[in-house]
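For reference, the structure discussed in these notes is given below.
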Amino acid sequence: MKILVTNDDGIQAPGLWTLVEALRPVGEVTVIAPDREQSGVGSSLTLGAPLHITPLQFAPDSVAAYDVAGTPGDCVILGLGSVMPEGADLVVAGINRGHNTTNEILISGTVGAALHAALRGVPAIAVSLFLLDSAQYHIGAAAAAYLARHLQAWALPSGIILNVNIPHQEMQDIEGVMVTRLGQRRFTDTVEERDDPRGRKSRWLIRKRENIDVGEGTDLWALRQKYISVTPLDFTLSCLPASTLPDDLCGDLFQELKARLAPPA
Ligand code: MN
């Protein structure tokens, strides 16, 4: 089994290497990760500049490792399209420091990497810790190795990724594993201004959250109940046909566009 491992915390992040150690017995591991922190970049790609792949000197035995001055999505595409000529059977992203839950996954570079694998028909797992804690890295890594082994026999439906989050608990205090749905929050991002030491104003984007649905059965709820959360995600994103949009949502939009913008016949 050929496994591509990436992350969004950067090539130096301890979660990445704990994951690699756990996956080495499962398959042939290739690491391609951003050369610096890329948290929060979501599924973004570098389209306006060339990308360079640098082999790493200090990778463990039998692991090919590279860093890229790019995003997690870039790493996946470079891996599947160039570094791994036979492609990969699985992409694993993580282990992220901090959970990737609720609709906030839309900005997650960890989930973004997994998305780019899924878009290319390659099964993918994103793994994150509720809070930064080196002990929990081992739990996330072991969970990823288990899922990787089982995905060899049990094919994930095309286009679906598994988003795994590990609660902030010692192993003996974890209650179990729960398959969850994505929680929903509303984000009211705001800006805080500070004077920096050079007398310029610096501005920080501050994430503020309002809960819409983080109740029973959601990823965040499971973590708070001390469960490992496994959320299957797809990326169809469309809300049709189950939505309750008005029938005349687009009314006479097309007629109006034609009347305004089409050259007279
Ligand atoms: Mn991160």
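Values in this text are rule-based calculations from the coordinates and carry no lab data. Bear in mind the structure is a predicted one, so any value in this text is a computation, not a measurement. As a convention, Cβ positions derive from the backbone with ideal geometry for all residues, glycine included, and neighbour counts pool all protein chains shown.
Some points to look at:
- The stretch 37-76: C-alpha gyration tensor shape, a/c 1.5 cut-off, then a/b vs b/c: prolate
- Cα shape, the stretch 140-249, gyration tensor, a/c 1.5 rule: oblate
- Cα pair count fraction exceeding 23 Å, expressed as % - the stretch 3-84: 13 percent
- Scattering from the chain was approximated by placing one identical point on each alpha carbon and applying the Debye formula without solvent; log10 I(q)/I(0) at 0.14 1/Å stands at -0.96.
- Inter-probe distance in nm under a simple model that places probes 7 Å from Cα toward Cβ, at Arg36 and Gln184: 3.8 nm
- Sorting 147-153, 26-32, 178-184, 4-10 by average packing, meaning the other beta carbons within 10 Å per residue, from highest down gives 4-10, 26-32, 178-184, 147-153.
- Across the stretch 90-106, rounded Karplus estimates of 3J(HN,Hα) from the backbone phi angles (6.51 cos²θ - 1.76 cosθ + 1.60, θ = phi - 60°) give 7, 10, 10, 10, x, 7, 6, 8, x, 6, 10, 10, 6, 5, 5, 4, 4 Hz, Gly and Pro being marked x.
- All lysines inside 20 Å of Lys201 as judged from Cα atoms, apart from same-chain residues fewer than 8 positions distant: none
- On the beta carbon distance between Ala135 and Asp247, with R0 = 45 Å, the FRET formula returns roughly 0.25.
- Separation of the Trp154 and Glu256 label points, Cα + 7 Å toward Cβ, nm: 5.0 nm
- When each of the peptides 113-123, 74-84, 212-222 is scored by the mean number of other C-beta atoms lying within 10 Å of its residues, the order from highest to lowest reads 113-123, 74-84, 212-222.
- Cβ-based net charge around Gly215, under 13 Å, with every Lys or Arg adding one and every Asp or Glu removing one: 0
- Length gained on full extension, Leu237 to Thr46: 66.5 nm, using 0.36 nm per residue less the C-alpha separation.
- Stretchable slack from Lys2 to Glu193, in nm (0.36 nm times residue separation minus alpha-carbon distance): 64.1 nm
- 11 Å beta-carbon shell around Val111, net charge (K/R +1, D/E -1): -2
- If you take the Cα centroid of the stretch 101-134 and the Cα centroid of the stretch 167-209, the two points sit 16 Å apart.
- Here the stretch 142-159 is scanned for amide nitrogen atoms under 12 Å from the site 7 Å beyond the Cα of Asp61 along Cα-to-Cβ, giving none.
- Here the contact order of the stretch 72-200, divided by its residue count and restricted to Cα pairs under 8 Å and six or more residues apart, works out to 27 percent.
- A simple spin-label model places pseudo-atoms 7 Å from Cα toward Cβ; at Ile174 and Arg200 they are separated by 4.4 nm.
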